[in-house]
1. Could you work out the relative contact order of the stretch 3-159, using alpha carbon pairs under 8 angstrom and six or more residues apart, expressed as a whole percent?
2. Would you mind pulling out the separation of the Cα centroids of the stretch 83-101 and the stretch 1-50, in Å?
3. Kindly identify the stretch 3-159 as rounded, prolate or oblate by the Cα gyration tensor criterion: order the square roots of the eigenvalues as a ≥ b ≥ c, call it rounded if a/c is under 1.5, otherwise compare a/b with b/c, prolate if a/b is larger, else oblate.
4. First select every other residue whose beta carbon is under 12 angstrom from the beta carbon of residue 95; then total the charges, Lys and Arg +1, Asp and Glu -1.
5. When you count, for each residue, the other Cβ atoms within 10 Å and take the mean per peptide, how do 10-18, 110-118 rank with the highest first?
Amino acid sequence: MSTYLVAYLPPALLLMASIAAFSLSKQHLRLTTRLAEASAFTAFLLSILACVTLITHGPGTSPLLGIGGIGLSARLDSVSAIMLLLVSFVGWVVLRYSSNYMKGEARQGIFTGWLCATLVTVLLLVQAGNLVQLIISWLMIGGSCTNCCCSIQVVRQLSGQPVRKL
């Protein structure tokens, strides 16, 4: 087991929060937003752990998790560690802010799920250890950002509520 796989813990945690937000959004809205916030903060702490791994073991790349040269591989160096910290911290701040800003919206849980999914794809992008992962993460960022930003605007336009600038 490679020590560089610790870099996959933050996106894995946020992926679980995203799945929970999509599946529990209507029944337990308060739980899903708190779970997403807690997951983002824990992802930030795990990013610090990845930086400690970088300091103790030096830069490196995890083994490829896939078949035929296609799969996931985490590259942990000084740039990716700094970006991992930055993205996870800003992601936690945005999730914290959006839980208050979106309070009372009908699709708050769906928005939280897409926001967590966007953070997952950005975290996978900044630590991409191969070109295939980099390209797929780049494409997934576009899709998740579009769904995240547009879902609230479309619902407000269809319901006749005034659309506020985000």
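Rule-based calculations on the coordinates, nothing more; no lab input. Just so you know, these numbers come straight off a predicted model, no measurement behind them. Heads up, the Cβs are rebuilt from the backbone with ideal geometry, glycines too, and the neighbour counts pull from every protein chain shown.
1. 30 percent
2. If we compute the Cα centre of each part, the gap is 12 Å.
3. Prolate.
4. Net local charge, residue 95 excluded: +1.
5. 110-118, 10-18
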